[in-house]
Amino acid sequence: MLKKKEIYEVLEQFLLNVKEHIVKIDSIEYDISVICSFTYGIFKVFEDAKIGIDHAIQNKQSIVYADGLSGIEYDNALKNIETIHMIKTAIDTGKIISYFQPIINNTTQKIEKYESLVRLITEDGQLLTPAYFLETAQKRALLY
């Protein structure tokens, strides 16, 4: 059985071979580009390889070793569900709050405006910055 490194090398050579060829249909020439995703496991092989293609596209990679990516995606999905529940609970209970901080003009030493710092208070009383919840909230259109 081939090892991971050997499979990777075979795929690299395949990609080089593909890049050398041009497909000509009628009078139009087309370059071919290929993305490869492979897994070396026996569990959730199709799911891993499919998610590997998505990762390759997002990260502009030609080859992705995808073994175990479906498990990572599953863990991320669970975390997102927990975050969405936390956000919805905070919205329903009024636990999304703003702190206002003055912006002072250094020349006049007068307050010119305020900036709002949003925080979420969890059910157990923790104060979270948007770094913990904003991306998930935006993806799910929970906050505007």
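Identify all residues within segment 20-39 that are charged (D, E, K, R) and surrounded by 12 or more Cβ atoms within 10 Å (Cβ to Cβ); write none if there are none. Give the derivation first.
Here is the first cut: in segment 20-39, the ones charged (D, E, K, R) are 20, 24, 26, 29, 31.
Hits for segment 20-39: nothing passes.
Each residue in segment 127-144 was checked for being out of contact with any strand residue (DSSP E or B) (no Cβ under 8 Å at 6 or more places or on another chain) and open to solvent by 100 Å² or more (accessible area, probe 1.4 Å), and 5 pass. Of the candidates Ile42, Ile53, Ile87, Ile91, the single residue that is open to solvent by 100 Å² or more (accessible area, probe 1.4 Å), β-branched (Val, Ile, Thr) and either under 30 Å from Lys5 (Cα atoms) or part of a helix (DSSP H, G or I) (or both) is Ile42.
Apart from one condition, Ser62 fits all of (1) open to solvent by less than 30 Å² (accessible area, probe 1.4 Å); (2) in contact with a Cys (Cβ under 7 Å, 6 or more places away or on another chain); the exception is (1).
Picking from Glu82, Glu73, which residue would you name as being on the phi < 0 side of the Ramachandran plot, assigned to a helix (DSSP H, G or I) and either among the polar types (S, T, N, Q) or open to solvent by less than 100 Å² (accessible area, probe 1.4 Å) (or both)?
On the way: Glu82 fails: either among the polar types (S, T, N, Q) or open to solvent by less than 100 Å² (accessible area, probe 1.4 Å) (or both).
Going through Glu82, Glu73 in turn, just one is on the phi < 0 side of the Ramachandran plot, assigned to a helix (DSSP H, G or I) and either among the polar types (S, T, N, Q) or open to solvent by less than 100 Å² (accessible area, probe 1.4 Å) (or both): Glu73.
Scanning segment 94-126 for residues that are of a type in the set (S, T, N, Q) and open to solvent by less than 70 Å² (accessible area, probe 1.4 Å), we see that the one that is nearest to His55 (Cα to Cα) is Thr122. Whenever a residue of segment 68-94 is more than 15 Å from Arg140 (Cα to Cα), its partners that are open to solvent by 70 Å² or more (accessible area, probe 1.4 Å) and of a type outside the set (Val, Ile, Thr), lying with C-beta atoms within less than 6 angstrom and at least six residues away or across chains, give the pairs Ser70/Lys44; Ser70/Glu47. Residues in segment 119-134 that are of a type in the set (A, V, I, L, M, F, W, C) and either at pLDDT below 90 or assigned to a helix (DSSP H, G or I) (or both): Ala131, Phe133, Leu134. Which residue is nearest to the chain's Cα centre (by Cα), if the candidates are limited to segment 56-111 and must be of a type in the set (Ser, Thr, Tyr) and over 22 Å from Tyr40 (Cα atoms)? Ranking the candidates gives Thr83 first. Of all the numbered requirements in (1) assigned to a helix (DSSP H, G or I); (2) over 30 Å from Leu134 (Cβ atoms); (3) touching a Leu at 6+ places or on another chain (Cβ under 8 Å), Val34 misses one, and that requirement is (1). Within segment 19-48, residues that are under 23 Å from Ala66 (Cα atoms) reach partners that are of a type in the set (Ser, Thr, Tyr) and not in a loop (DSSP other than H, G, I, E, B) with beta carbons closer than 6 Å, at six or more positions or on different chains, in the pairs Lys44/Ser70; Glu47/Ser70; Asp48/Ser70.
The values are calculated or read from the model by the stated rules, or taken from the named source; none is laboratory data. Note that the structure is a prediction, hence the values are computed from the model and not measured. With ideal geometry, Cβ positions are generated from the backbone for all residues, glycine too; neighbour counts draw on all protein chains shown. Just so you know, the surface numbers come from the protein's heavy atoms only, side chains and all, with ligands and any DNA or RNA stripped out. Shrake-Rupley method; radii C 1.70, N 1.55, O 1.52, S 1.80 Å.
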